[in-house]
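J.: Can you read through this structure? Questions will come right after.
The values are calculated or read from the model by the stated rules, or taken from the named source; none is laboratory data. Keep in mind the model is a prediction, meaning the values are calculated, not measured. Cβ placement follows ideal geometry from the backbone for every residue including glycine, while neighbour counts extend to all protein chains displayed. Areas reflect the complete protein model, heavy atoms only, side chains present, ligands, DNA and RNA absent. Shrake-Rupley method; radii C 1.70, N 1.55, O 1.52, S 1.80 Å.
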Amino acid sequence: MNSRSRIITEGVQRAPNRSMLRAVGFGDGDFQKPIVGIASAHSTITPCNMGIRPLAERAEAAIREAGGMPQTFGTITVSDGISMGTEGMKYSLVSREVIADSIETAVMAQSMDAVLTIGGCDKNMPGAMIGIARMNVPAIFVYGGTIKAGKYRGRDLNIVSVFEAVGSHSASKMDDEELRGIECNAIPGAGSCGGMYTANTMSSAIEAMGMSLPHSSTMAAVDPEKAESAAESGRVLVEAVKQQLLPRQIMTRKAFENAIAVVMATGGSTNAVLHLLAIAHAAEVPLSIDDFEEIRKRVPVLCDLKPSGKYLANDFHHVGGVPQVMKLLLNAGLLHGDCLTITGQTIAETLAHIPDAPPADQDIIHPIDKPIYAQGHLAILRGNLATEGAVAKITGVKSPKITGPARVFESEEETQAAILGGKINPGDVLVIRYEGPKGGPGMREMLAPTAAIIGAGLGDSVGLITDGRFSGGTYGLVVGHVAPEAAVGGTIALVEEGDSITIDATTLTLTLNVDDATLETRRAAWQPPAPRYTRGVLAKYAKLVSTASVGAVTD
Ligand SMILES: CC(C)(O)[C@@H](O)C(=O)O
Ligand SMILES: [Mg+2]
């Protein structure tokens with residue numbers, strides 16, 4: 001079982017290595033046991049990760065009891081919610097690569113036999129899965145857990161309530177006292193942002209892919225079942241080591257199709273497109289941005305979950321969660337049941353215990369014949385503004401098409417000032433550019449401006465396009481991941497104030513209504529901007545990162 005770690009534990013010349021391992025708790029009988037890394041993203045910099053240490057400790061004890069030698073090491077996290085709207089958000093997507101690289105570095109450097117990764121905030125999930133996919137040593141993912149609702153004056157609150165309250169307050173629709181009350185009560189404790197935002201989207205996608213335990217992706221961080229699930233994950237992983245069950249036997253093309261289907265059915269975050277492309281790239285599984293459209297067309301939206309729906313992920317959990325949705329999709333022929341999962345069972349075997357009857361509560365998970373939307377919500381748009389693609393949520397919007405004058409902003413900050421300053425008019429199409437993977441760099445999430453638009457009551461009348469990203473909490477007629485990005489000369493760089501732009505969610509097109517000759521003249525005159533960073537993490541990232549249309553990958 002220690003096929004990898006024997007390189008550091010066996011033979012006379014490994015006496016020094018064993019000597020150091022003895023200091024960290026190895027005894028004579030332990031050197032033949034599998035060394036199982038626990039990549040713990042415990043951190044007190046964000047509520048998403050502040051409950052992880054007890055999960056790591058339960059997993060550690062379970063691994064030891066099951067015959068493994070656990071070795072806990074740390075990975076980082078950054079908080080999207082805390083960095084949102086600032087220059088610091090440029091480090092968010094970058095942290096996905098740092099997490100993947102740090103897990104790969106620790107596990108490969110010390111020839112570990114397996115790894116259990118625990119993550120909470122948004123980028124922890126894809127970062128862990130990219131690392132796991134690259135290494136292809138037995139692995140399992142453990143989610144830190146979702147947060148419960150905050151409560152104020154009879155309302156359920158979550159982080160997006162606060163972002164939207166800022167918009168309402170700036171539009172004089174909310175007074176200081178109400179805003180403060182929402183701020184002080186929206187986040188009740190440990191756990192990741194509670195709607196079907198990016199963290200819960202990615203945890204659900206990983207469960208759908210068979211790389212975490214059933215029901216684990218929607219458990220609340222503070223509920224005892226989460227720690228028990230972490231311990232069970234440790235036991236399951238030691239068994240997977242015995243069977244040499246490798247991630248790439250589980251993370252197959254069909255598994256990615258299952259993950260995309262569940263993201264569509266649950267109304268998940270646009271970030272799932274970027275992250276699943278990047279994880280597939282790491283697993284060397286062929287997956288293109290156009291595959292999302294293929295699956296969107298055939299998979300309905302079944303779950304009424306925030307941001308555009310009513311409920312939180314933990315409400316979803318209590319009516320059956322991801323397994324319940326997967327059962328509905330499997331019975332409708334929209335899921336591959338023969339995919340293997342980390343427990344050694346197939347998807348169909350895993351779901352066999354769920355009754356075929358429709359879910360008891362049909363308010364949160366709708367029956368397959370009464371979907372909220374007949375087709376998925378995450379659409380890939382193309383057009384002269386996005387020849388490599390762009391990503392939009394196209395459901396929940398009053399008008400699926402908008403043509404309006406471009407309001408051009410070279411950064412998120414400029415945009416936010418215009419929105420909060422009442423300078424945006426119904427019918428405008430906001431263009432936020434030079435916020436892409438290279439141009440930002442770091443492809444910031446634009447939750448602050450999109451929430452401010454909603455809060456100001458402009459959600460049904462204003463369009464927004466960007467080469468940056470959106471948060472899972474974003475909704476409205478907004479298009480992100482526009483590629484090619486402005487910094488590499490994409491057409492978005494050529495837009496001028498007042499140009500006519502059409503966003504059409506029916507034809508899935510993004511069009512700059514300017515004639516080709518004019519565009520060619522503008523293109524000839526365009527100059528690439530000087531890089532915003534020339535040293536450190538962001539400079540390195542900007543040099544390495546690919547286009548968003550293949551996942552903004554760095555290798
Ligand atoms: C702050 C949020 C809502 O967590 C956002 O970062 C997301 O991507 O979902
Ligand atoms: Mg986020």
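J.: Do we find a residue being in contact with a Lys or Arg (Cβ under 6 Å, 6 or more places away or on another chain) and either open to solvent by 70 Å² or more (accessible area, probe 1.4 Å) or part of a loop (DSSP other than H, G, I, E, B) (or both) anywhere in the stretch 73-82?
T.: No.
J.: Give the residues of the stretch 83-94 that are more than 11 Å from ligand 2 (Cβ to nearest atom) and either in contact with a His (Cβ under 9 Å, 6 or more places away or on another chain) or open to solvent by less than 20 Å² (accessible area, probe 1.4 Å) (or both), sorted by residue number.
T.: LYS90, VAL94
J.: Do you know which residues across the stretch 244-276 are under 16 Å from SER212 (Cβ atoms), small (Gly, Ala, Ser) and more than 15 Å from the chain's Cα centre (by Cα)?
T.: The one that is under 16 Å from SER212 (Cβ atoms), small (Gly, Ala, Ser) and more than 15 Å from the chain's Cα centre (by Cα): ALA255.
J.: Here is a follow-up. Would you check if there is a residue in the stretch 45-57 being open to solvent by 50 Å² or more (accessible area, probe 1.4 Å) and closer than 20 Å to ALA240 by Cβ? Talk me through it step by step, then tell me what you get.
T.: Going through the stretch 45-57, the residues open to solvent by 50 Å² or more (accessible area, probe 1.4 Å) turn out to be 45, 50, 53-54, 57.
From what is left, the residues that are closer than 20 Å to ALA240 by Cβ are none.
Checked against the condition, which is being open to solvent by 50 Å² or more (accessible area, probe 1.4 Å) and closer than 20 Å to ALA240 by Cβ, the stretch 45-57 yields no hits at all.
J.: Mind listing just one residue for me: the one in the stretch 367-402 that is under 24 Å from the mean Cα position of the chain (by Cα) and of a type in the set (D, E, K, R) and, of those, nearest to GLY473 (Cα to Cα)?
T.: Here the residue is LYS393.
J.: Out of GLY457, GLY436, GLY476, GLY440, report the one residue that is away from ligand 1 (no atom under 12 Å from the Cβ), touching a residue at least 40 places away in the same chain (Cβ under 8 Å), under 22 Å from ASP290 (Cβ atoms) and in a loop (DSSP other than H, G, I, E, B).
T.: GLY436
J.: When the stretch 505-543 is examined, which residues are found to be assigned to a helix (DSSP H, G or I), in contact (Cβ under 8 Å) with a residue 12 or more places away in the chain and open to solvent by 30 Å² or more (accessible area, probe 1.4 Å)?
T.: ARG522, ARG523, VAL537
J.: Taking the conditions exactly as written (of a type in the set (Asp, Glu) and buried (at least 19 other Cβ atoms within 10 Å of the Cβ)), does ASP28 satisfy them or not? Write out each step before concluding.
T.: Numbers: of a type in the set (Asp, Glu): yes; buried (at least 19 other Cβ atoms within 10 Å of the Cβ): no.
Criteria not met by ASP28.
J.: A further question on this structure: Would you mind telling me which numbered condition in (1) closer than 27 Å to THR554 by Cβ; (2) open to solvent by 10 Å² or more (accessible area, probe 1.4 Å); (3) more than 16 Å from ligand 1 (Cβ to nearest atom) GLU414 fails?
T.: (1)
J.: Which residues, counting only those in the stretch 352-366, are under 28 Å from the mean Cα position of the chain (by Cα) and touching a residue at least 40 places away in the same chain (Cβ under 8 Å)?
T.: Within the stretch 352-366, PRO359, ASP361, ASP363, ILE364, ILE365, HIS366 meet the criteria.
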